[in-house]
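One structure below.
Nothing in this text is a laboratory measurement; each read-out follows from the coordinates by a stated rule. These numbers were taken from a predicted model, which means no experiment stands behind them. No Cβ is skipped: glycine too gets one built from the backbone with ideal geometry, and neighbour counts run over all protein chains shown.
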Amino acid sequence: MPDTAGDLVTTNGDVIGEHGGVHNFTVGQRKGLGVATGSPLYVIQISGAKKQVIVGGEEHLYSRTLRARRVNLISVDDLREPMRVAVKIRHRHEPARPAVIEQVKTERTGDDENPRYLLMSRNAAITPGRRRSFYDGDVVVGGGWIA
């Protein structure tokens, strides 16, 4: 297994510790960071290329936007205009409201053949690589992978 050990870095760029491997962390994780700062820290981002785990306060976990790729539309044929939906970003998470999904015009590259943008209400720990679904009431509109 490749060595993925590296630094724990704050959102300000300060190195506050070391870790045994980026594979041991997930975005949103709070426990098991191995450092104490007097206030709770959360994993905000993981940079495998730099072997860094970026940590910060709870306020850094939240985002209003996520980009989804390899989107599969189920109850609609195409998105010609933005559509109001609810987005479920975790398996047991309540769908976020209000949310808007719209098609983003980008170049077609690799596995990013069908990009979409989801603009949604404030949500925590939006994690790249996880699959997300979006709904219109009880109807599944579609789903995609967080980019």
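One table, with the values for the structure above:
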{"read-out": "Part-to-part distance (alpha-carbon centres) for the range 54-78 and the range 25-40, which is given in Å", "value": "22 Å"}
{"read-out": "Summed side-chain charge close to residue 44 - residues other than residue 44 whose Cβ falls under 13 Å, Lys, Arg +1, Asp, Glu -1", "value": "-1"}
{"read-out": "Extended-chain gain in nm, criterion 0.36 nm per residue less alpha-carbon gap, residue 58 and residue 45", "value": "3.4 nm"}
{"read-out": "Label-to-label distance, nm, for residues given as residue 92 and residue 14 (7 Å Cα→Cβ offset)", "value": "3.5 nm"}
